[in-house]
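Contents: one structure, followed by commentary.
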Amino acid sequence: MSSKDGYKLVQGNEACVEGALAAGMRFYAGYPITPSTEIAEISAQKLPQVGGKFIQMEDELASMAAIIGGSLTGLKSMTATSGPGFSLMQENIGYAAIAEIPCVVVNVQRGGPSTGMPTSPSQGDVMQAKWGTHGDHPAVALTPNSVQETYEYTIKAFDIAEKYRTPVVLLMDETVGHMREKLKVKSSSEIEAVNRKKPTCKPEEYKAYRPDEDMIPPFAPFGNGYRYHVTGLTHDETGFPTNSNIISGELVQRLVDKIEKNIDDITYYEEYKMDDADIVIIAFGGVSRATKSAIDHMRENNIKVGMFRPITIWPFLDKQINQIADKAKEIYVAEMNLGQYFLEVDRVAGKKCPVKKINKISGELITPEEITYAVTGGRL
Amino acid sequence: MGCTNCSDITKKYYRIERLPHIWCPGCGHGTLMNTVVRAIDKLGLNKDEVVVVSGIGCSSRAPGYLDFNTLHTTHGRALAFATGIKLANPKLHVIVIMGDGDSSAIGGNHLIHAARRNIDITTIVFNNNIYGMTGGQFSPTTPHGDFATTAPFGNIDKPFDLCNLAQGAGATFVGRGTAYHALLMQKLIEKGLQNKGFSFIEGLSLCPTYYGRKNKKGNALKMHEFLKDNCVDKRVVDKDPEKGKNKILIGEFYNNPKIEYTEGYQVIIDKFQKLGEM
C-alpha cells in the first residue's frame, strides 16, 4: 500500500483521511454509511496512532454535534457521510455556521432521494451542500475529481474551515471515493497547515464574537481560561442571544460576507483546452474525467470544445462563469443529477449564450460518448 | 441591571449581568440550577475546567447564567455535543443540563448511547413534565391522563421513568432529587460529578404556568407541597416497601463505577500511538 518514495496506491476515501491527518485532523465522529464508510474505518485505525480521537456515534445528528464539540475544544474535527446522512447533519451544520465552529464534512454522494442507490455514484447533493440547512448562511464546498485531489482538497478544506471559522463540505462522488489511483503524499515540511487564530487579549476582555477587521473573531478553545457562551441563537459579540434586529442582520451578513468577500482566496478550478473553445462543458467530480475524454475526441475532429471544472463548487464562481459566457457560443453543464449546478450557470450565463444540460441519474457515470453525442447532436 | 445584594456564591459562579433570569415566577429551575452551582462549589472545581452544555427549552437557559465555558446547542443534541467536548479534552468536567423533552424525546437516542458508553458526563434533567417554552404541550414524562395543549382530552401516552431508562442503558450513577429536596439534589450532583463515568440525575421541577394550571395543581407553593408530601427516599422504601406505595422514589438509586469511555480510549492511544505506520 505504501512505499518509501511517498507514493501509495489508494482509494479516494483513503486519500481523504490521509489529507485530513496531514492537515492536522485529531477528532473524527461519524456514523457508517456507504459509500463513505472507509473514511470512518481508516480514521478509526489511524487517529489513535497520532494521539487523535475517533468515535462512532449513534447517528449522523450526533456525529455532526460531536465534531462541533471536538472543534470547540480545540481539535481539528471532521465527519464523513453520504446522501441521507448528510441530510441528517444539516441542522447542526447550520449551528456550526452561526456559532463559527471550524469543521470539515465529507459527503461522498450517492443516488437519491432518500436511501436511493447506496453503491452508485451521484452528484445529487449539489444544492443540499448550499441550502441544506435553514436560513441564510455561508456555504463552502470543494469537489475533487481524483485520488490525488481528494488528498489535496481535504487539506484545503481544513485550511478554509480554520481560517474562516466555518464548516466546509468536501463534496465527493462515489466514483472518486472508490477509485484507486496513485497518491503522492506530502512530507510534513511541505504542509503549512492553517490554524484558527487565537485571542491575544486577557480572558476578561475577550468578546468571543467580536470580529477583527477581516470579519473573523479570534477563537479560544473551551478549557483554556477564556470563559464564554456559545449558542445557535442569533447572538451579539459577547455570544449571548439578542433580539436586536440590527445586530441579527449584521451577524448573518458578516457570516456570509466573510466567505463571499474572500471568494478569490478559496476559488479553485481547472480549465482544459479552453483557450480557443467555442463550446464549453462545465463538469465537476467524476463526470469531469469523462468530459476530458470526450473533449479529446471532439478536438480530434476539429470541434473547438473545452472544459471548465469548478473545484470550489460553493460559493458559486460568478466571475469565472461570466467570463466564459462572454466568449462561448454554447455552454453545457454535465452532471449526475437533473440539473442542479446548471441552474446557477444558467443564472449567470443564460442571458449571454445558450446553456444546455447533460444529465444522468441512473447511478452510472455519464460516458464520454454520451457527452460527445449531446454536444455534436450525434454527428460523432 | 444585575444583582447588587447577592451572595458570594452568586457573585462567584453567576454571570451577574445576565440576571435576573427569565424563568416564570414559581418555576423550579432556578432552585435546581443553584444546586448545580453549589455542588461545583462544594467540590471546588476549577471554573475554567467546567463546561456546561444544554439543549433547547426552559431548562436549557441555565448555562447562559453560569460563568463557565457554556454551550447552548440544538434541541436534544446536548449530549452529542458534550461527548465531542469530553472526548476531545477529557480533563474538562462536562455537565449537561436538559429538560424532559430534550433528554428523552428528541434526545432519547443520545441519552441511551451516552449512558451505554459510560462517558464521564454528569447529566442533570430538569423535569417539569411539560414542554414549557413552547407553551404547554405534553412530554414523555407527562403523567398518563394529564392534560396539555396537545392532549386536550387527556394524555394517552405512558410516561418514561427517566432514571430507570438511564440505568438500563448503562449509566453508572443514577439518582433523583427535586426542586423541593434541594439539599438531596445537591448531594446527588456532587456524587455524580465525582463518579468517573456517565451520571444521570433527575431533578423534579415544577411548572405552575403550564402544567400546574392545566392540571389544577394549584400555585407553586402547592406544587412544592406536593413534592414534599409525595416523594419518599429510596432508603426508607428499602426498609419498608409499604412506605413507597403510590409515592415518587427519590434518592441515590445506583452507584456502580465501571471503565469510563475516554479512559478506555486513552488505553488504545497509549498502546498504538506511533506503533503503526502513518
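The values are calculated or read from the model by the stated rules, or taken from the named source; none is laboratory data. Note that this is a predicted model, so its numbers are computed, not measured. Quick reminder, even Gly has a Cβ in these numbers, built from the backbone with ideal geometry, and neighbours come from all protein chains shown.
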Does at least one position in segment B:100-114 carry a residue that is touching a residue at least 60 places away in the same chain (Cβ under 8 Å) and touching a His at 6+ places or on another chain (Cβ under 9 Å)?
no
Scanning segment B:247-278 for residues that are assigned to a loop (DSSP other than H, G, I, E, B), touching a residue at least 12 places away in the same chain (Cβ under 8 Å) and not basic (Lys, Arg) gives B:ASN256, B:PRO257, B:ILE259, B:GLU260
Can you pull out the residues in segment A:189-223 that are at pLDDT below 95 and of a type in the set (S, T, N, Q)?
A:SER189
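Considering segment A:147-202 alone, what residues qualify as being of a type outside the set (Lys, Arg) and surrounded by fewer than 14 Cβ atoms within 10 Å (Cβ to Cβ)?
Correct list: A:SER187, A:SER188, A:SER189, A:GLU190, A:GLU192, A:THR200, A:CYS201.
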Here are B:LYS191, B:LYS158, B:LYS196: which of them is at pLDDT 95 or above and either assigned to a strand (DSSP E or B) or over 17 Å from B:VAL96 (Cβ atoms) (or both)?
B:LYS158
Residue, farthest from the other protein chains (Cβ to nearest Cβ), within segment B:105-140, restricted to residues that are touching a strand residue (DSSP E or B) at 6+ places or on another chain (Cβ under 9 Å) and charged (D, E, K, R)
B:ASP120
In segment B:175-188, what residues are in a helix (DSSP H, G or I) and buried (at least 24 other Cβ atoms within 10 Å of the Cβ)?
B:MET185, B:LEU188
Of all residues making up segment B:11-40, the number that are within 19 Å of B:LEU183 (Cβ to Cβ) and either surrounded by fewer than 16 Cβ atoms within 10 Å (Cβ to Cβ) or of a type in the set (Gly, Ala, Ser) (or both):
3
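Residues are listed down the side, and each one gets a yes or a no for (1) more than 7 Å from chain B (Cβ to nearest Cβ); (2) small (Gly, Ala, Ser):
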residue	(1), (2)
A:GLY51	no, yes
A:ILE68	no, no
A:ALA80	yes, yes
A:GLY83	yes, yes
Filter result (closer than 24 Å to B:THR74 by Cα, in a helix (DSSP H, G or I) and of a type outside the set (S, T, N, Q)) within segment B:18-40:
B:ARG18, B:HIS29, B:GLY30, B:LEU32, B:MET33, B:VAL36, B:VAL37
Within segment A:203-233, track down each residue that is outside any loop (DSSP other than H, G, I, E, B) and crowded, with 16+ Cβ neighbours inside 10 Å.
A:HIS229, A:VAL230, A:THR231
